[in-house]
1. What percent does the relative contact order of chain B come to when contacts are Cα pairs within less than 8 Å and at least six residues apart?
2. Okay, helix-only estimate at 222 nm for chain A: each DSSP H run of n ≥ 4 adds -39500 (n - 2.57), divide by all residues, round to 500 deg cm²/dmol; what do you get?
3. Run the reach check for residue B:332 against aspartates and glutamates, Cα to Cα strictly under 14 Å, same-chain hits fewer than 8 apart removed. What comes back?
4. Where both residues lie in chain A, what percent of DSSP beta bridges are antiparallel, nearest 5?
5. When the distances between all Cα atoms of region B:655-794 are binned every 10 Å from zero, what whole-number percent does each bin get?
6. Among A:24, A:54, A:94, which one shows the highest mean-square fluctuation when chain A is modelled as a Gaussian network with alpha-carbon springs under 10 Å?
7. What translational diffusion coefficient, to the nearest whole µm²/s, does chain A have by Stokes-Einstein, given a Kirkwood radius computed over alpha-carbon pairs, a temperature of 10 °C and 1.306 mPa s viscosity?
8. Among B:616, A:202, what's the order by accessible area (1.4 angstrom probe), most exposed first?
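The values are calculated or read from the model by the stated rules, or taken from the named source; none is laboratory data. Given the structure is predicted, the values throughout are model-derived calculations rather than measurements. No Cβ is skipped: glycine too gets one built from the backbone with ideal geometry, and neighbour counts run over all protein chains shown. The accessibility values were calculated without ligands, DNA or RNA, using every heavy atom of the protein model including side chains. Shrake-Rupley method; radii C 1.70, N 1.55, O 1.52, S 1.80 Å.
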Amino acid sequence: MIKIKDLEKIYRTEEVETIALNKLSMEVKEGEFVAVMGPSGCGKSTLLNILGLLDDSDNGSFIFNGVEVGKFNERKRAEMRKHNIGFVFQSFNLIDELTVYENVELPLIYTGVKTADRKAKVEAVLDKMKIMHRRNHYPQQLSGGQQQRVAVARAVVNNPKLILADEPTGNLDSSNGNEVMELLTDLNEQGTTIIMVTHSEHDARFSHRIIRMLDGQTVTENILV
Amino acid sequence: MIRNYFKIAFRNLWRNKGFSVINILGLAIGIATCLIIMLFVNNELSYDRFNKKADRMVRVYFQGDVQGEKMKESTVMPPVAQTMKADFPEVEEATRIRDYGTPKLVYGNKSFKEDAFAFVDSNFFQVFTLPLLQGDARTALIEPNTVVITKAVAHKYFGNGDAMGKIISFKDGKNSPCKVTGVIEKVPVNSHFHFELFASMASYPESKEPTWMYSNFYTYLVLQKGFDYKKLEAKLPNLVEKYIGPQMFKTMGITMAEFKEKGNVLSFHLQPLTDIHLHSDFASDLSQPGDIRYAYIFSAIALFMLLIACINFMNLSTAAASKRAREVGIRKVLGSGKRELIQQFLLETIVITAIALVLALVLIYLALPVFNNLATQNLTLNFTDHPLLIPVLLLLVVVVGFLAGSYPAFYLSSFKPVEVLKSKIKSGRKSIGLRSGLVVFQFFISILLIVCTLVVYNQLFYIQHKKLGYDKDKVLILQDTWMLGKNVEAFRQSVKNDPRVVSVSGSGYVPAGKSNSNNFFVSPGENSTQMIKTLRYDVDENYISTLGIQLLEGRNFSRQFGTDSSSVILNEAAATAFGWKQGAVGKTISRLNNEGRKEVYSVVGVIRDFHFRSLHERISPLVMAFSPDQGNLIVKLRSNADIPGLTTLLKKRWTEAGSEEPLSYSFLDERYNNTYQAEQKMGLILGIFAGLTIFVACLGLFGLAKFTAAQRTKEIGIRKVLGASVAQVTGMLSKEFLVLVLISCILAFPVAWWAMNKWLQDFAYRAAISWWIFALAGIVIVLIAVFTVSFQAIKAAMANPVKSLRTE
């Protein structure tokens, strides 16, 4: 599903040049659950942003679903992104001014799903995530675990092929964290590919494979399954 | 401490250059506009106040309602001044002015036509504060045939030589030559009269006539200190009974009681000197009066302008301040109290206001000449003339600085340090309601001004394109042709024979601009006692055709009818007033002439009503008499006539015909347009201020959009990650501001409609306020707002979401 070869990303400020990704290569197959680990500043988030088509790379090739997307312009990347990729963030990134229902509905609006279909889809996914009873609440009224469940709901409402999770349990206590990890595992079992960045060995054990990074390169891979 | 505050203030200004520029520029424009308008209004209010006795001076005016015709005259009868001083002890002084039109004066080989010549009573310079540079104010005008002149006139006639004792004579020889007995600097600009030559009333015989039957004298009284003029005004009805009554009985044969029984009213009134400029509505006066309503309107605009600028300042400061939450947190952790923080932020806004004030003063210096030119004013920003200005400006800085700074100061200083440092503050989101309200207010004012400007211009367009009942295009008025004396007929023939000329009419009566004017009281039929006030035009047989006036019934005047000297042509309004809606031709009208003999005229024609007065007034009854008069020559030109060539030729012929004066001429359409100068000025000034208000309001909107976009960076990031396009995000951000602008429209439209409807009531003939004016104003403001906001919105929408989401 994902094939990356010799990917480079360099951040430049006036005086300093930081190499975030240094000729990184990796491959993820459809249906896999991959965890990416490594110390702060090793390039995990940069990798995730490029995989999520939020950012572009400076060099190298990135094939997504058989298409070379590395040189896509922003509009094409956005188009590809909204149909194929869902995101889960450490700090949930829900919009405070919108209700649970409206937050989950957003991706459907942007992909142009009709109102009636939207209702069915949002309700189905809220049901599945067990937060239907909270549909008219605002994010601040929910606990952290509930907020992350809403974020996961929002990530999957469009039935993406790939979910990118950036430390999804980082702001949660362990019981809420486990709950979220189980949600992701369920999704993976239903066929969704998941790439997750994490600091937690515990969480990483939910995945099939752990990629460890250092200084913008992959150093080891542990296959768990 | 203070030094640290100043340092931080300047560094902050520098770091947020964009905000600072918007802030300071907006405030400076607001202050500059406000000050210019204040200078203008102050000047309007200062009229005649240079007179030391201004607060106890009044002018006597005369009002009447005779047979349903209302009149209001700024002049009264010759004996009024003397009589009032004699009859009422509270009148300390009484003095008169008799405007003497445009006499031609001669000194040696120099001769000039003077248009600012008056006869005044000998106490004139003791009543009005016009100090004499030479001569004695008490005695200069006691003798007959003396004159006091301005320095400019002295220079014109006598060069650098001494004016005193020189003799100026009248070209026409009707008046005796006058000896110069005094020189004044000049009459101040803010005086309601602007004479240059003041001749002694003793040399003007009419001034001694005891008649109470006509009025030509502007009459001013000085009352005792602290005496209420209303009390004197209450005694004035006696004057009518005592003096007008007997004379009326003698000339018209009816007693005052009978006259009043018929519902007629005659009365004297008093008007404070300082009210003359702004509160007058006389048919004619010594100068074009101002209008108190314009003073109010402009004061309101000045206030709004300042308010809008302050609102901007407040909005932007609050917005920018939230960026400084961290600084507040750190200062608090380091021991700063709430008071010190408030002081610091207030000091900052006061510093900014002071910078803006300096910039505003520079702007005023640059803009004042332009404004003076556009609005035909003569304003100066002069600290010596306005000693109060400096404290007022300093106060303004403190007040504006405090107003603008107080909200952010109190808001910021209330932050809790722990929350700020953990960046938990939802910065500024709370105050969005207040700020939206302020933006609505700004746009409310902008839209109001746009609509008002459009209505004024629409009315001006209407005035320009209104069918007037006469043809004002390609009509040349050769003025004062009577001056040619017996040569005028030959000159007229030469004009008429020019191939570029269609027709020529001789008449002192012109439907636009300066014209002769002659009230004509006539009765329908020969024996009626009913008197109707009409206006009489003395014209020749070419008048109607030259001006393209439509003859509805009967015939034009003709030299072939020997009897036409007693024929008249009526306009429709006159025919209706006489009760002859149809079949007026053949009827007769009559009147008693000055000697008390009856004159009878027969109606030979009726013309369609034409606008011989401004569109402010309804068309009134007009009687045209066949009485060729060479006051002006009215010349209709061919549509392709070479005008410069013609005027050059006419100037030459004019000199050949023996005139020493240059030919003065004007075009009827220009004269017509000049009638509406006040409205044009109003339109222009409104337009300028509307533009400035919009500009300042847009600066505010721009800043607010920038701030909101910054506030919502994270949200925009999330939406983009979820697939929102640039267009969608831009639309979302712009929409919120458009809603505010639309709310402003909804609020402003009814107010604008109400105000402009009121303004239009001044015109008897007016254009309707139609829906497109509102539509246009709405579209203009929406476009401007979209343009202002979308710039920021697009910038925010284009930003890389990764960056906005990384700030965790």
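1. Working: 1354 pairs, mean separation 116.0, N = 808.
Result for chain B is 14 percent.
2. -10500 deg cm²/dmol
3. Cross-link targets: B:340, B:419.
4. Working: 21 of 38 bridges.
Taking every DSSP beta bridge with both residues in chain A, the antiparallel ones total about 55 percent.
5. 9, 27, 22, 16, 11, 8, 4, 2, 1, 0
6. A:54
7. 88 µm²/s
8. Result of the area sort, largest leading: A:202, B:616.
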